[in-house]
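Structure record follows, encoded as structure tokens.
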Amino acid sequence: MTLRRGFKAEAEREAARVRKELGLASHDRLDPRDLAKHLSVSIVDSGELVDVTELEDLERLQAFAFSAATFEIEQRKIIVVSPLRNTGRQNSDIAHELAHVMLKHDLSEIREVDGMPFRTCKPDEEEEATAFGGTLLLPRPLLLSAARRQASIEQIANQYDVTVEMARFRYNTTGVAKQAMSR
């Protein structure tokens, strides 16, 4: 599956617009919790809703079975995040869920897990949310700035409070890695 033509450029423009609304420069760290507040989306730790030992039991049964989910209750969007994830992963998860909200994705697909039905987005919408969420956190101009400073992937992850995997994914998929190597 591939992103529709022009999506990456649109994502970069929208990320720049959102950062401007939040008063951030292209190279500033974006806290997805601030973006959620700006969009009137609540963030709730799932440990406030269920006993953390139940989340740990679920984690033992299936690693990463739950990281985050978005709910709409009385026309309010609420993102529920797992307290079992580190801050970098939570930031990626929240940005991914906010991307669904901003892209106005619908929960239109019904899937079953262990006999329990739940609603989810279409696979292409999941891919869009992953791409846009990453773009919100690490837009191309930010990565170019980091490359000019010769920052490592680990330094980028630490400075911008994302996972090393997210930093590597964005560094490679934006073309910044190739551009940095050609200098």
Compute log10 of I(q)/I(0) for the chain with the Debye formula, placing one identical point scatterer on every Cα and leaving out solvent, at q = 0.11 Å⁻¹, to two decimals. -0.50
Here the range 67-79 yields Karplus 3J(HN,Hα) values (6.51, -1.76, 1.60; θ = phi - 60°; whole Hz; Gly and Pro given as x) of 10, 6, 8, 10, 10, 10, 10, 6, 6, 10, 8, 9, 9
Under a 1.4 Å probe, what is the accessible area of the chain per residue, stated in Å²? 59 Å²
Against the longest principal axis of the chain, how steep is helix 7-21, in degrees 0 to 90 to the nearest 10, with axes from Cα atoms? 90 degrees
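What percentage of the solvent-accessible surface of the range 7-182, computed with a 1.4 Å probe over protein heavy atoms, is contributed by carbon and sulfur atoms?
Working: 5020 of 9930 Å².
For the range 7-182, the apolar C and S fraction of the accessible surface comes to 51 percent.
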Amide H to amide H, which residues 5 or more places from residue 77 or on other chains are under 5 Å from it, using H placed in the peptide plane? 42
Pop the C-beta distance of residue 13 and residue 64 into the FRET formula with R0 = 25 Å and round what comes out to the nearest 0.05. 0.20
Mind jotting down the distance between the C-alpha centroids of the range 1-36 and the range 142-183, whole Å? 16 Å
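Let me check something: with ligands and nucleic acids excluded, how do 53, 70 order by accessible area (1.4 Å probe), largest to smallest? Kindly include the intermediate steps, with their values, before the conclusion.
On the way: 53 75, 70 30 Å².
The ordering from most to least exposed comes out as 53, 70.
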With every protein chain left in place, what is the accessible area of residue 27 in Å² (1.4 Å probe, nearest 10)? 90 Å²
Starting from the 7 Å offset along Cα-to-Cβ, what nm value, one decimal, do you get for the label separation of residue 25 and residue 127? 3.6 nm
May I ask which residue of 123, 173, 43 lies farthest towards the positive end of the charge dipole of the range 7-182, with charges of +1 (Lys, Arg) and -1 (Asp, Glu) on Cβ and the Cα centre as origin? 173
Roughly how tilted is helix 164-173, in degrees to the nearest 10 and between 0 and 90, from the longest Cα axis of the chain? 50 degrees
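Sorted by accessible area (1.4 Å probe), largest first, how do 29, 60 line up? Don't skip to the end; give the middle numbers.
Values: 29 80, 60 170 Å².
Ranked list, largest accessible area first: 60, 29.
FRET efficiency for residue 150 and residue 75, Cβ-Cβ distance as r, R0 = 45 Å, nearest 0.05?
Values: r = 47 Å, r/R0 = 1.06.
With a Förster radius of 45 Å, E is 0.40.
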Ranking by accessible area, most exposed first, for 5, 17, 76 with a 1.4 Å probe: 5, 76, 17
Please report the accessible area of residue 165 (heavy atoms, 1.4 Å probe, ligands and nucleic acids excluded) in Å², nearest 10. 120 Å²
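The values are calculated or read from the model by the stated rules, or taken from the named source; none is laboratory data. Just so it is clear, the model here is predicted, and its values are computed rather than measured. With ideal geometry, Cβ positions are generated from the backbone for all residues, glycine too; neighbour counts draw on all protein chains shown. Keep in mind that these areas ignore ligands, DNA and RNA; they rest on the heavy atoms of the full protein, side chains included. Shrake-Rupley method; radii C 1.70, N 1.55, O 1.52, S 1.80 Å.
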